[in-house]
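Down below is the structure, laid out as structure tokens.
No lab work stands behind these numbers, since they all come straight from the coordinates. Computed from a predicted structure; not experimentally measured. Every residue, glycine as well, gets a Cβ built from its backbone with ideal geometry; the counts of neighbours run over all protein chains shown.
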Amino acid sequence: MATTDQTVSGVPGRYASALFELAREEKATEQVGQQLATVQAAIDQSEDLGRLVRSPVFSADDQVAALAAVGQQIGISGTALNFLRLVAKNRRLAALPDMIRAYATLLSQSKGEIAGEVTSAAPLSAQQLSDLKSALKSALGRDVALSTRVDDSILGGLIVKVGSRMMDNSLKTKLQSLKIAMKGTA
């Protein structure tokens with residue numbers, strides 16, 4: 001699948017594309033996507049798992065063993081688990097979050113959706129997420145598959161990225177703009 005989307009380029013894009021093709025052959029693209037989302041959620045929630053993924057200090061064998069144990073604990077199996085093992089064995093775990101994002105983009109594109117990401121200061125409720133998806137669909141004319149991220153440093157508001165567009169309506173950015181504007185008047 002040739003694409004010009006920047007999120008599926010480079011090493012993460014190649015790994016994600018290969019995984020997507022394999023999952024499509026097995027008719028398991030949705031299942032693999034859900035399992036990868038579960039892995040990403042575990043990485044986001046566990047500081048130790050995040051360190052294991054990012055740090056080159058751990059040996060490949062240690063990373064493979066740890067991921068197999070974590071995978072079993074959170075219900076990851078089959079193609080998704082084999083993918084995690086391969087990524088760890090090839091010493092590419094630091095790029096795993098990008099690979100997961102690229103896979104989600106490929107999955108969205110295969111369903112005719114646009115992949116997007118929303119960053120908020122606090123977790124969004126199901127209703128807020130639904131309202132945001134509806135607003136984006138009316139603005140863009142297509143369904144949007146949103147992944148969510150929580151970053152309390154933005155203080156409030158949202159940062160929404162869809163394709164190459166970014167809408168930053170965070171309180172942090174507004175305060176920085178106000179600070180710059182006030183420096184100019186002094």
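Between the listed residues 177, 87, 132, the Cα displaced farthest toward the positive end of the dipole of the chain, a dipole computed from Cβ unit charges relative to the Cα centre, is found at 177. Relative to one another, the C-alpha centroids of the range 24-69 and the range 119-156 are positioned 24 Å apart. Cα to Cα, under 29 Å, and not fewer than 8 places away if on the same chain: which lysines meet these conditions relative to residue 89? Those lysines meeting the cut-off are 27.
Any of 133/174; 111/172; 137/179 with alpha carbons more than 29 Å apart? Name them for me.
111/172; 137/179
Checking every one of the trypsin sites (Lys or Arg not before Pro) in the range 92-186 against DSSP loop status and a limit of 14 other Cβ atoms within 10 Å picks out 111, 142.
Helix 29-45 and the longest principal axis of the C-alpha atoms of the chain enclose an angle of approximately 70°.
Here the scattering of the chain is modelled by Debye summation over its C-alpha atoms, one equal scatterer each and no solvent; at q = 0.12, 0.16 Å⁻¹ the log10 of I(q)/I(0) is -0.65, -1.06.
For the options 97, 12, 123, a Gaussian network treatment of the chain with springs between C-alpha atoms closer than 10 Å singles out 123 as fluctuating the most.
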